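Each remark here refers to the structure printed beneath this line.
Every read-out reported here was derived from the displayed coordinates using simple, explicitly stated rules and does not represent laboratory data. In this text, all values refer to a predicted model and were calculated from it rather than measured experimentally. Backbone-built Cβ (ideal geometry, glycine too); neighbour counts: all protein chains shown.
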Amino acid sequence: MEIFNKITNKISEWNATQLEKKINTNRDKGTCPDCSGRGFFVMDAFLDPTCPSCNGTGSFSDWVETTQQQLE
Ligand SMILES: [Zn+2]
């Protein structure tokens, strides 16, 4: 189980780094990290495709507000 935990930690570390990179990139562009500023998801077109994180605006500041990010 020790090894399994180490692997899980590595994966979540990697995910956290990727997420941080994604947030920084989108912060520079001013776009929502979840939908890359599109405001909707193409894959969910048959459901409600509107991005819930930015309410379809695709704006970074709306994403921060909706997801309650604690950014400096
Ligand atoms: Zn969005």
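Ranked by the mean number of other Cβ atoms within 10 Å per residue, highest first, peptides 16-26, 55-65, 1-11 order as 55-65, 16-26, 1-11. Angle of helix 2-29 to the longest C-alpha principal axis of the chain, folded into 0 to 90 degrees and rounded to 10: 30°.
With bins 10 Å wide beginning at 0, the percent of Cα pairs of the chain falling in each bin runs 21, 38, 25, 14, 2.
For Phe40, nonlocal amide neighbours, meaning residues 5 or more places apart or on other chains whose placed amide H falls under 5 Å from its own, are Cys51. Taking θ as phi - 60° and the Karplus parameters 6.51, -1.76 and 1.60, the scalar couplings of the range 53-64 work out to 6, 10, 6, x, 7, x, 9, 4, 5, 5, 5, 4 Hz in sequence order, x denoting glycine and proline.
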